[in-house]
Amino acid sequence: MGQLNAGIVPVTPFQQNCTILFDMDDKSGVVVDPGGDIDKILSVLKDNAIIAGAIWITHGHIDHAGGAMDLKEALGVEIIGPHETDRPLLANLENQAKRFGITDTVRNCVPDRFLTEGETVSFGQHVFEVFHCPGHAPGHVVYYNRAAKFAHVGDVLFRGSVGRTDLPGGDHATLIASIKNKLLPLGDDIGFICGHGPGGRFGEERRTNPFLV
């Protein structure tokens, strides 16, 4: 098994961290949260000879799932995640685009498989545990690789901040409970990539994040 690696491709006017997780040896991988700019994502895959075997979605907001259907067709792979409670959000992406004045191609997303707490997803020999972490979105999931001490937390947690909860289905108390009860207990040394901006480590957030201390 080669080393797990991650590349970030900022996409859409929201500068969302579309993430390519891949194996350094065999270049197998997955694309997490292709919110848009699909040609850009495809170019990065091609330039780095990465073979993406699936698309993983953390939650159903437009900047994370707006390009998923187009990428699915371009790659011929399945869309996996998030939790089924985000089905209404995914079915409403085109209307989300209109509200934000987005003119790029956005299509409602129909995952091939929804995920539940305790399931695992994988590519090659890299296994990720699935945590259902609502609060920012009802069906938000986090992908955690125990071997690499790494998590992709989407918009649940940011460096120095947390996900917004003023969108439909958001709830601040639920979000904080997801972070404190599911993520932080994994350990201070867990590194994370988030949906926007730089990542960090859980320990630093536990000690200094003003929403958590």
Considering only region 62-78, state which residues are surrounded by fewer than 22 Cβ atoms within 10 Å (Cβ to Cβ) and either among the hydroxyl-bearing types (Ser, Thr, Tyr) or within 19 Å of Tyr143 (Cα to Cα) (or both). Val77, Glu78
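Any residue at all in region 38-51 that's under 21 Å from Lys98 (Cβ atoms) and touching a residue at least 12 places away in the same chain (Cβ under 8 Å)? Please lay out each step first, then the result.
Taking region 38-51 as the starting set, the residues that turn out to be under 21 Å from Lys98 (Cβ atoms) are 38.
Okay, now just the ones that are also touching a residue at least 12 places away in the same chain (Cβ under 8 Å), so 38.
Yes: one or more hits.
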Kindly establish whether Pro134 is modelled with pLDDT under 95 and within 16 Å of His61 (Cβ to Cβ). no
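Would you tally the residues in region 1-32 being in a loop (DSSP other than H, G, I, E, B), of a type in the set (Gly, Ala, Ser) and either open to solvent by 30 Å² or more (accessible area, probe 1.4 Å) or closer than 20 Å to Leu157 by Cβ (or both)?
Qualifying residue count for the region: 0.
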Name, by its number, the condition in (1) assigned to a loop (DSSP other than H, G, I, E, B); (2) open to solvent by 40 Å² or more (accessible area, probe 1.4 Å) that does not hold for Gly53. (1)
Out of Ala49, Ala91, report the one residue that is in contact with a Lys or Arg (Cβ under 7 Å, 6 or more places away or on another chain), among the hydrophobic types (A, V, I, L, M, F, W, C) and farther than 20 Å from Phe150 by Cα. Ala49
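This table checks each residue for (1) over 28 Å from Gly191 (Cβ atoms); (2) surrounded by fewer than 18 Cβ atoms within 10 Å (Cβ to Cβ); (3) among the polar types (S, T, N, Q); (4) at pLDDT below 95.
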{"position": "Arg99", "(1), (2), (3), (4)": "yes, yes, no, yes"}
{"position": "Val110", "(1), (2), (3), (4)": "yes, yes, no, no"}
{"position": "Phe128", "(1), (2), (3), (4)": "no, no, no, no"}
{"position": "Ser178", "(1), (2), (3), (4)": "no, no, yes, no"}
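Yes/no matrix, rows are residues, columns are (1) closer than 23 Å to Gln16 by Cα; (2) touching a residue at least 12 places away in the same chain (Cβ under 8 Å):
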site	(1), (2)
Val110	yes, yes
Phe128	yes, yes
Val142	yes, yes
His152	yes, yes
His172	yes, yes
Lys182	no, yes
Pro185	no, no
Phe192	yes, yes
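In the list Thr120, Thr85, Thr58, Thr116, which residue meets the criterion of being under 21 Å from Val156 (Cβ atoms), open to solvent by less than 10 Å² (accessible area, probe 1.4 Å) and polar (S, T, N, Q)?
Numbers: Thr120 fails: open to solvent by less than 10 Å² (accessible area, probe 1.4 Å); Thr85 fails: open to solvent by less than 10 Å² (accessible area, probe 1.4 Å); Thr116 fails: open to solvent by less than 10 Å² (accessible area, probe 1.4 Å).
After ruling out the rest, the residue left standing is Thr58.
Please find, among Ala49, Ala97, Ala91, the residue that is over 16 Å from the mean Cα position of the chain (by Cα), over 26 Å from Asp171 (Cβ atoms) and small (Gly, Ala, Ser).
Numbers: Ala97 fails: over 26 Å from Asp171 (Cβ atoms); Ala91 fails: over 26 Å from Asp171 (Cβ atoms).
Of the residues listed, the single one that is over 16 Å from the mean Cα position of the chain (by Cα), over 26 Å from Asp171 (Cβ atoms) and small (Gly, Ala, Ser) is Ala49.
The values are calculated or read from the model by the stated rules, or taken from the named source; none is laboratory data. These numbers come from a predicted model, not from an experiment. All Cβ positions, glycine included, derive from the backbone under ideal geometry; neighbour counts span all protein chains shown. Accessible surface is based on the protein model in full, side chains and every heavy atom, while ligands, DNA and RNA are left aside. Shrake-Rupley method; radii C 1.70, N 1.55, O 1.52, S 1.80 Å.
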